[in-house]
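The values are calculated or read from the model by the stated rules, or taken from the named source; none is laboratory data. No experiment lies behind these values; they were computed from the predicted model shown. Cβ coordinates were reconstructed from backbone atoms using ideal geometry, including for glycine residues, and neighbour counts include every protein chain displayed.
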Protein chains: 4
Amino acid sequence: MKRIENFKSIIDKYEIIFFDAFGVIKTYQGLVPGIENTFAYLAAQKKEYYIVTNDASRSPVQLAESYHKQGLTAVTADRIVSSGMLTKEYLDLKVPDGIVAYLGTPESSHYIETSGLNTLPMSRINSSNIDKVSAMIFLDDEGFDWCDDLNKTVNLLRKKTIPVIVANTDHAYPLSVNDVSIAIGGIAAMIENIVGKKFIRFGKPDSQMFMFAYDLIREYRPISKKEIVMVGDTLQTDILGGNKFGLDTVLVLSGNTLPGDADTRITATGIMPTYICENAVVQSGEFGF
Amino acid sequence: MKRIENFKSIIDKYEIIFFDAFGVIKTYQGLVPGIENTFAYLAAQKKEYYIVTNDASRSPVQLAESYHKQGLTAVTADRIVSSGMLTKEYLDLKVPDGIVAYLGTPESSHYIETSGLNTLPMSRINSSNIDKVSAMIFLDDEGFDWCDDLNKTVNLLRKKTIPVIVANTDHAYPLSVNDVSIAIGGIAAMIENIVGKKFIRFGKPDSQMFMFAYDLIREYRPISKKEIVMVGDTLQTDILGGNKFGLDTVLVLSGNTLPGDADTRITATGIMPTYICENAVVQSGEFGF
Amino acid sequence: MKRIENFKSIIDKYEIIFFDAFGVIKTYQGLVPGIENTFAYLAAQKKEYYIVTNDASRSPVQLAESYHKQGLTAVTADRIVSSGMLTKEYLDLKVPDGIVAYLGTPESSHYIETSGLNTLPMSRINSSNIDKVSAMIFLDDEGFDWCDDLNKTVNLLRKKTIPVIVANTDHAYPLSVNDVSIAIGGIAAMIENIVGKKFIRFGKPDSQMFMFAYDLIREYRPISKKEIVMVGDTLQTDILGGNKFGLDTVLVLSGNTLPGDADTRITATGIMPTYICENAVVQSGEFGF
Amino acid sequence: MKRIENFKSIIDKYEIIFFDAFGVIKTYQGLVPGIENTFAYLAAQKKEYYIVTNDASRSPVQLAESYHKQGLTAVTADRIVSSGMLTKEYLDLKVPDGIVAYLGTPESSHYIETSGLNTLPMSRINSSNIDKVSAMIFLDDEGFDWCDDLNKTVNLLRKKTIPVIVANTDHAYPLSVNDVSIAIGGIAAMIENIVGKKFIRFGKPDSQMFMFAYDLIREYRPISKKEIVMVGDTLQTDILGGNKFGLDTVLVLSGNTLPGDADTRITATGIMPTYICENAVVQSGEFGF
């Protein structure tokens, strides 16, 4: 049985902390109580951090705003790395012009627009503009009619050979203590299976997410992977992805993995965090503020 | 390269013919032209037949009526074996009482009702009746709100351990010469993957479909599998299932498998029909009517 | 939490009992202690039984002999239904002549030979006989050189479009209290994935196994599925298959499913036995012998 | 139908070229005829290149030597990025001490040894050293007894929760114009399925391979992804992986993808190279040597 360790004593050993968002910093009920202390401590210790999240429904600026509204003012947009940003980078590099058809809310589509590209919701693709569609993106499970637009997507992708990007790899996400919601990653997997084509997925556990954050750091300072620790609540995304990228990892028990299940799940999946902590909270008493 | 053979010369060798419906007897445009001759010929030759179909959206009586309306009066309800009938048999044998929640049209649910069971669409399951839900069935892709009712289904199945039946294994079905529709089997696979539980599937290529028709025959006459031939347009369902059940099989090129693709697909999948025919039509000139 | 029930009181309710072999009648240590009482009780009550097993490594006669040697003399060959028998039926119906190449021991191949067919181990297929190979069968994980013969199988199946039968669907089987062995079903799945063709699988949970036993009974007496109960130790094969075929099912805790795990696994997989019993033993005191 | 373009005119547009090895630089028959001209041209133009290969059976030094023996003296070890190097990096970062059990030849294991680690073939793991095993690696399909050592691997991984690394993701590799060999990636997938644990895979199409090469370049010069082109013969690894990493891609028709199949496969898979070329050869006449 793996020992539960003190979160502060672990982050003291690293220079840079990567955090997952959902289940670590916030839950469906709002911020994890006391999490603001963690960011105050990091600031006091001059340690850096990034929030690495499979959330493509909003831009980093909007994600940061939502933290601020909830009272976590320390987290700024430049500290957020989302699967939506990888999507935007892909479009910048690989799709020079045309229309990008998407499934998601209008908000989710704005920040991926680039100079030469227009985004259009799937519902507005028709015979007059279908020839200009140069890519298709699964962004969010909201903002469209599932029956109409999913059938339309299947038929668009059967007819056109274009890059298809899944900006969120999750198949479901928690809605409340009892309920989950089908996520756009689950819907995309169904459609990929029906059309038989290969989609491009961005999001943990894929290394490209970690690489993106790692590269942001290297732009202003040298860093070794040994100086970074990844903190997450999900073995299959945060811990598997962090391990594979070569980082040490902390499993926290405040989200997806319940305290009573951690050992069983680690043994069953073979995915081993370097450490296990109750949550990612540094107690205010722990650093004398 | 496999030779295209004459359909009449093949069915002359067998006592009983099993037909797939879609792509063999009818297409999205209506009946396959001339197919009524085939049934006239079978009647003249006193050969029996069954239509073995992955269609759970209507009862055999309703399916027969739709043939009659299109002018194929020879096909009667007692000759139709559908995946919906296997679903009904399952409920008869294994679910003695309670409410069966379903996704599909009201029509699709009526014929599976049995003495002790009520069927209710997923939209009408709520806190007052959830305790009585004793099974859940995926019947048809129409008749419900995809977003609301699929999310409701996911959460129902996470909370209750009940038998879940998928009455149609297809992931998509043809709508027109160019377009397909997502089928309830594809939706069910997405939800099975999200909830991580094992659903019960009825439909070709599963042997139980063939067994059901085979048993109907044996109730009134002895028969050997060598005297039956299965006619279908899809390698992965009709031909694979027929072969595995021990039947000779005819691939027709009037539906899912295009004339130019047959050899490539047979080699690629390793699924070999005993014969290939252009379609399942006996020409009227062939039997002197 | 599901109640553990008394095995005798359950079989008293049924006319015919289907037993899985491994984990129910025997384990790697030999016969389940006291299991001979169960068969004595069935004889005294004039109840019938069949052993329905995913074992294609030996013929029913050889399987019965192995029970006799261990002291269970009541079980006769005509009461054993194996996935090997379905393989033999398939060859009888669908492969009229030629050579059947196989992976397995020579013993496993003898009983599937039919009038027009020769069986040859994969190691003896060469340029002089490859043209006559009309089917390929995965029978057993023993009796061949894994490296040489698996590579040979891959290349044979890439070149020839022939039926490929997997006579045992299990991916691993228990060898001792701590160890398992890779089963031929696991090896076949690897090769199916590499060659990209569709193999034909016989074995539980597939309905064809249950139908074979069901048909044996119907040859000499009328029977309803409601009068049969399936007894097994594995949710994914015995219980899922029995349920789907429409039978009531008993999960015994003497094999694959440990007493402490039964409820968790039933909830996780959604596969529900009708009953749970400690084992399939009728205590001798229970029927006054 | 996509146009076949001239290879020289394409690489003229990029600063750095990534090459796949098998099917691009060499085939089972040896070097691709004329490929030395390509490397002479790159040297003359002062363009850089990396060979990015899913080959973990030998170290970069040994891989370079094998090119030299065949007459391609231009390729040096520092230009080779293999999935074995990612494996070594993983061990350096994540496995500080103990024994690394491996499947493969002794040569394949030497170069992954690091200061604190010993490598031992699976055949030499026994009760005296099993407690010290801290990781397991699938390196090569040669150098071990498949039956004994694969069964041993399954049982080791059932008992110990340790990181498992698959150093080559391919499921098969070409041996001659007609034959393939089962690769260690295919074997690893079978075992992963049996033990139910999550293995760590290194190799294209995974981004980490491309990032490793990208990082090597950035150590000595600034570079943008727009200045790099990936050249490969396989859509599912080279082209999919290159595209996802944000690189332009060239599909060459000298290996896995045959000239007549390219368009069909691109449409079927949805994986689109930026360009298609016959091969990666710059004709000597093209640059006036």
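Which fully enclosed strands (runs of 3 or more DSSP E) of the stretch D:1-84 have 2 or more residues being surrounded by fewer than 19 Cβ atoms within 10 Å (Cβ to Cβ)? Walk me through it before giving the result.
Working: elements: D:16-19, D:48-53, D:80-82.
Those strands (runs of 3 or more DSSP E) do not exist here; none qualify.
Can you tell me which residue within the stretch B:233-255, out of those that are of a type in the set (Val, Ile, Thr) and over 14 Å from the mean Cα position of the chain (by Cα), is nearest to the other protein chains (Cβ to nearest Cβ)? Per the stated criteria, the residue is B:Thr249.
With respect to being surrounded by fewer than 22 Cβ atoms within 10 Å (Cβ to Cβ), part of a loop (DSSP other than H, G, I, E, B) and over 22 Å from the mean Cα position of the chain (by Cα), A:Ser128 fits the description.
D:Asp148 meets each of the listed conditions (1) more than 30 Å from C:Lys159 (Cβ to Cβ); (2) surrounded by fewer than 16 Cβ atoms within 10 Å (Cβ to Cβ); (3) more than 23 Å from the chain's Cα centre (by Cα) apart from (1).
Inside the stretch D:159-179, residues that are within 8 Å of chain C (Cβ to nearest Cβ) and buried (at least 18 other Cβ atoms within 10 Å of the Cβ) make up a count of 2.
The set of residues from the stretch D:232-262 being small (Gly, Ala, Ser), assigned to a helix (DSSP H, G or I) and more than 13 Å from D:Met272 (Cα to Cα) comprises just one member, D:Gly260.
So which residues in the stretch A:134-143 are more than 9 Å from chain B (Cβ to nearest Cβ) and within 23 Å of the chain's Cα centre (by Cα), if there are any at all?
Here is the first cut: in the stretch A:134-143, the ones more than 9 Å from chain B (Cβ to nearest Cβ) are A:134-140, A:143.
Passing the criteria: A:Ala135, A:Met136, A:Ile137, A:Phe138, A:Leu139, A:Asp140, A:Gly143.
Flag: B:Arg201 does not match the condition of being more than 8 Å from chain C (Cβ to nearest Cβ), more than 26 Å from C:Leu247 (Cβ to Cβ) and among the basic types (Lys, Arg). Quick check, is C:Thr153 surrounded by fewer than 21 Cβ atoms within 10 Å (Cβ to Cβ), among the hydroxyl-bearing types (Ser, Thr, Tyr) and farther than 16 Å from C:Arg201 by Cα? The answer is no for C:Thr153.
Go through A:Gly260, A:Gly242 for me and flag whichever is over 20 Å from D:Ala135 (Cα atoms) and either out of contact with any helix residue (DSSP H, G or I) (no Cβ under 6 Å at 6 or more places or on another chain) or not charged (D, E, K, R) (or both).
Result of the check over A:Gly260, A:Gly242: A:Gly260.
Against the conditions (1) under 30 Å from C:Gly23 (Cβ atoms); (2) free of Cβ contacts under 8 Å to residues at least 60 places away in the same chain; (3) within 12 Å of chain D (Cβ to nearest Cβ), C:Asp148 satisfies every one except (1).
Candidates are the residues of the stretch B:211-257 that are charged (D, E, K, R) and touching a residue at least 60 places away in the same chain (Cβ under 8 Å); the one that is surrounded by the fewest Cβ atoms within 10 Å (Cβ to Cβ) is B:Glu227.
In this structure, does A:Val229 turn out to be within 24 Å of D:Lys160 (Cα to Cα) and part of a strand (DSSP E or B)? No.
Residues that are in contact with a strand residue (DSSP E or B) (Cβ under 6 Å, 6 or more places away or on another chain) and of a type in the set (S, T, N, Q) were ranked within the stretch B:258-279; the one that is surrounded by the fewest Cβ atoms within 10 Å (Cβ to Cβ) is B:Thr274.
Residues that are away from chain B (no Cβ under 11 Å), within 30 Å of B:Leu157 (Cα to Cα), assigned to a helix (DSSP H, G or I) and not small (Gly, Ala, Ser) are absent from the stretch C:276-286 altogether. Filtered by the rule that a residue be part of a helix (DSSP H, G or I) and more than 8 Å from chain A (Cβ to nearest Cβ), the stretch D:204-226 gives D:Met209, D:Phe210, D:Phe212, D:Ala213, D:Tyr214, D:Asp215, D:Leu216, D:Ile217, D:Arg218. Remark: pairs (first residue in the stretch D:64-83, assigned by TED's automatic domain parsing to the domain that holds D:Thr38 and more than 17 Å from D:Tyr50 (Cβ to Cβ); second residue outside any strand (DSSP E or B) and hydroxyl-bearing (Ser, Thr, Tyr); Cβ separation under 9 Å; 6+ apart in sequence or on different chains) are absent. Checked against (1) within 14 Å of chain B (Cβ to nearest Cβ); (2) surrounded by fewer than 17 Cβ atoms within 10 Å (Cβ to Cβ); (3) touching a residue at least 40 places away in the same chain (Cβ under 8 Å), C:Val95 meets all criteria but (2). Among the residues of the stretch B:225-261, those that are of a type outside the set (Asp, Glu) and modelled with pLDDT under 95 comprise B:Ser254, B:Gly255, B:Asn256, B:Thr257, B:Leu258, B:Pro259, B:Gly260. Every condition in (1) in contact with a Ser or Thr (Cβ under 7 Å, 6 or more places away or on another chain); (2) without any contact (Cβ under 8 Å) to a residue 12 or more places away in the chain holds for D:Ala167 except the one numbered (2).
Among the residues making up the stretch B:228-248, a single one is under 15 Å from C:Gln208 (Cβ atoms) and among the polar types (S, T, N, Q): B:Asn243. Restricting to the stretch A:65-87, name every residue that is under 15 Å from A:Ile35 (Cα atoms) and hydrophobic (A, V, I, L, M, F, W, C). The answer is A:Leu72, A:Ala74, A:Val75.
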